[in-house]
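Undergrad: Please find one structure pasted underneath; my questions will follow.
The values are calculated or read from the model by the stated rules, or taken from the named source; none is laboratory data. Computed from a predicted structure; not experimentally measured. Don't worry about glycine lacking a Cβ; one is built from the backbone with ideal geometry, like all the others, and counts go over all protein chains shown. Heavy atoms of the whole protein, side chains included, go into the accessibility calculation; ligands, DNA and RNA do not. Shrake-Rupley method; radii C 1.70, N 1.55, O 1.52, S 1.80 Å.
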Amino acid sequence: MEYVAYALVVFVVLTGIATALLRDVLAAIIVFAAYSLGMALLYTLLLAPDVGLTEAVIGAGVTTILLLLTIVKTVRPGGERTIERFDPRAAVACGALAVVFGLTLPDLPAVGDPNSPILSYDAVTGHYLTQSYAETGVENTVTAVLAAYRGFDTFGEATVVFAAGVAVLVVLQREVFT
């Protein structure tokens, strides 16, 4: 499973770079959709299926459709470069930021580490782990937190996803492709 996670991270980084470098808008949208799908898979692999589902629906789905509809409505200029020119200053800045983020990785606890700071702070975490079933009747603690304790927040997220879907349907019904 670890190799799959590494492969997904490499895929996401490469598609992110390709999205930034491509000058062809249609190609950039397609690569961005692949990026969003890779992120959705990565979130799901990291045991955050709610975030993964939201990324798949909004990032890979709704955003891609809206961007493709925008292309249909606009005129595409001809004779442009396919790939953006390389800017060494921007590459150095991005590389420096990646190094700074990379330096923080060894300080993160391993997944499932019983000595991680979130598990050692028993005031909240301990309450959820020990009392969530008794208070909500839901066996899975993550589901109990999302559905019961954070119910309004989860309802808000679901409302945003639903509203985005309705907006896409409204736009698609008004579009005339000739």
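Undergrad: Given the options Leu21, Leu69, name the one that is touching a residue at least 60 places away in the same chain (Cβ under 8 Å) and within 15 Å of Val168 (Cβ to Cβ).
TA: When all the criteria are applied, what remains is Leu69.
Undergrad: When you check Phe162 against the structure, is it within 17 Å of Asp50 (Cα to Cα), modelled with pLDDT of 80 or more, exposed (fewer than 15 other Cβ atoms within 10 Å of the Cβ) and out of contact with any helix residue (DSSP H, G or I) (no Cβ under 8 Å at 6 or more places or on another chain), yes or no?
TA: Here the answer is yes, as Phe162 does meet what is asked.
Undergrad: Say we look at the stretch 24-60 and pick out the residues that are within 21 Å of Thr143 (Cα to Cα), crowded, with 17+ Cβ neighbours inside 10 Å and of a type in the set (Gly, Ala, Ser); which of these is modelled with the highest pLDDT?
TA: If we take residues in the stretch 24-60 being within 21 Å of Thr143 (Cα to Cα), crowded, with 17+ Cβ neighbours inside 10 Å and of a type in the set (Gly, Ala, Ser), then Ala40 is modelled with the highest pLDDT.
Undergrad: Turning to a different aspect of this structure: Looking at the stretch 79-93, which of the residues that are open to solvent by less than 90 Å² (accessible area, probe 1.4 Å) and not in a loop (DSSP other than H, G, I, E, B) is modelled with the highest pLDDT?
TA: By that ranking, first place goes to Ala93.
Undergrad: Within the stretch 10-52, how many residues turn out to be touching a helix residue (DSSP H, G or I) at 6+ places or on another chain (Cβ under 7 Å), among the hydrophobic types (A, V, I, L, M, F, W, C) and part of a helix (DSSP H, G or I)?
TA: 18
Undergrad: Any residue that is hydrophobic (A, V, I, L, M, F, W, C), in a helix (DSSP H, G or I) and within 18 Å of the chain's Cα centre (by Cα) - is there at least one of those in the stretch 66-78?
TA: yes
Undergrad: Test Ala98 against the stated conditions and say whether it is part of a helix (DSSP H, G or I) and at negative phi.
TA: Taking the combined requirement at face value, the residue satisfies it.
Undergrad: Out of all the residues in the stretch 1-18, which are in contact (Cβ under 8 Å) with a residue 40 or more places away in the chain and either touching a Lys or Arg at 6+ places or on another chain (Cβ under 7 Å) or within 20 Å of Gly102 (Cβ to Cβ) (or both)?
TA: Ala5 - this is the single residue of the stretch 1-18 that is in contact (Cβ under 8 Å) with a residue 40 or more places away in the chain and either touching a Lys or Arg at 6+ places or on another chain (Cβ under 7 Å) or within 20 Å of Gly102 (Cβ to Cβ) (or both).
Undergrad: In the stretch 133-150, which residues are among the polar types (S, T, N, Q) and open to solvent by 50 Å² or more (accessible area, probe 1.4 Å)?
TA: Asn140, Thr143
Undergrad: Can you pull out the residues in the stretch 103-127 that are within 27 Å of the chain's Cα centre (by Cα), among the small types (Gly, Ala, Ser) and surrounded by 10 or more Cβ atoms within 10 Å (Cβ to Cβ)?
TA: Ser116
Undergrad: Look at Thr130 and say whether it is polar (S, T, N, Q) and open to solvent by 80 Å² or more (accessible area, probe 1.4 Å).
TA: yes
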